[in-house]
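First up is the structure itself, then whatever we jot down about it.
What follows draws every value from the coordinates through simple rules; no lab data is involved. These numbers were taken from a predicted model, which means no experiment stands behind them. Reconstructed Cβ throughout: ideal geometry from the backbone, glycine too, with neighbour counts over all protein chains shown.
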Amino acid sequence: MNILINTKDLIESIPSDVTLVAVSKTKSVEEITQSYEAGQRIFGENKIQEMAQKWESLPKDIAWHMIGHVQTNKVKYMAHFIDLIHGVDSSKLLKEIQKQALKHNRIIRCLIQIRIAEEESKFGLPQDQLTELLEDTKTLTNVEIVGLMGMASFTENINQITEEFKSLQHLFDKTKQTFKNLEILSMGMSGDYHIAIQCGSNMIRVGSKIFGARNY
């Protein structure tokens, strides 16, 4: 695949108000550099130590997003450079992010991951626990909750995917009335980002359409 062309095509094809996170997990520094040279500046990783190694090697104007499930004992390895943590779903994790952000005198931006899919394997906070969690964050001086994130079921049923995305859009719109800092609604990956954008997503996470199949 031509990463340079794929990146440019994707950037040009999505609405200007939608942020593209290029999912670079398992991809080499050389492959990320090609996407960077095509204009991409936001990259998403799901393993903290792999991301930290790439951060060391690549230009410092790259914004790194942690898109995988976060273990509390690994937060310290990314606290000094991470731009946005996508998968926050517990007070325990938020308190650890606060602790590590404080050490580096930084404010770390986070998205709360809401569980909208039917699969048992999907992480995320139940919708009815969101307000309580957001209230808990008011005392955290070095954490900023800037939005919500959700992943639809892995299915070819477009109606089901649409309904799941719409449920998160509804929750986002409702919660934003009280918690004014919510700006980002992150939904949609390579297979369903078109649907997600139609349902109000303003941040998509796309890997295979840029880099091809994942390396294992």
* Does LYS60 satisfy the criteria of being within 26 Å of LYS138 (Cβ to Cβ) and either surrounded by fewer than 16 Cβ atoms within 10 Å (Cβ to Cβ) or free of Cβ contacts under 8 Å to residues at least 60 places away in the same chain (or both)? -> no
* What number of residues in the range 149-168 are out of contact with any Asp or Glu (no Cβ under 7 Å at 6 or more places or on another chain), farther than 11 Å from ILE114 by Cα and assigned to a helix (DSSP H, G or I)? -> 6
* **Exclusive hit being touching a residue at least 12 places away in the same chain (Cβ under 8 Å) and not small (Gly, Ala, Ser), set LYS209, LYS180** => LYS209
* Given the conditions (1) of a type outside the set (Phe, Trp, Tyr); (2) under 19 Å from VAL88 (Cβ atoms); (3) touching a helix residue (DSSP H, G or I) at 6+ places or on another chain (Cβ under 9 Å), report the number of the one that HIS69 does not fulfil. => (3)
* To do: Identify the residue in the range 159-201 that is in contact with a Leu (Cβ under 7 Å, 6 or more places away or on another chain) and of a type in the set (S, T, N, Q) and, among all such residues, is nearest to MET66 (Cα to Cα).
  => SER186
* Asked: In the range 191-199, is there at least one residue being hydrophobic (A, V, I, L, M, F, W, C) and touching a Lys or Arg at 6+ places or on another chain (Cβ under 9 Å)?
  -> yes
* Any chance the range 185-206 includes a residue that's over 23 Å from GLU12 (Cβ atoms), crowded, with 16+ Cβ neighbours inside 10 Å and among the hydrophobic types (A, V, I, L, M, F, W, C)? -> no
* Structure fact -> Within the range 120-135, of all residues that are within 21 Å of GLN71 (Cβ to Cβ) and without any contact (Cβ under 8 Å) to a residue 24 or more places away in the chain, the one surrounded by the most Cβ atoms within 10 Å (Cβ to Cβ) is GLN129
* Structure fact -> Here the qualifying pairs (Cβ atoms under 6 Å; residues six or more apart or on different chains; first in the range 155-169 and of a type outside the set (D, E, K, R); second assigned to a helix (DSSP H, G or I) and surrounded by 14 or more Cβ atoms within 10 Å (Cβ to Cβ)) come out as ILE161/ILE195; THR162/ILE195; PHE165/ALA196
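I'm checking my understanding of the structure. Among residues of the range 84-102 that are among the aliphatic types (A, V, I, L, M) and in a helix (DSSP H, G or I), which one is nearest to LEU182 (Cα to Cα)? Give the derivation first.
From the range 84-102, those among the aliphatic types (A, V, I, L, M) are 84-85, 88, 93-94, 97, 101-102; that's our starting set.
Next, from what is left, pick out any that are in a helix (DSSP H, G or I): 93-94, 97, 101-102.
On the way: LEU93: 19, LEU94: 16, ILE97: 18, ALA101: 20, LEU102: 22 Å.
Looking at the filtered set, the residue picked out is LEU94.
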* Asked: Limited to the range 34-45, what total is found for residues that are free of Cβ contacts under 8 Å to residues at least 40 places away in the same chain, under 20 Å from ILE82 (Cβ atoms) and more than 17 Å from the chain's Cα centre (by Cα)?
  -> 1
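Determine whether ALA117 is among the aliphatic types (A, V, I, L, M) and either touching a residue at least 40 places away in the same chain (Cβ under 8 Å) or assigned to a helix (DSSP H, G or I) (or both).
For ALA117, the condition - among the aliphatic types (A, V, I, L, M) and either touching a residue at least 40 places away in the same chain (Cβ under 8 Å) or assigned to a helix (DSSP H, G or I) (or both) - is met.
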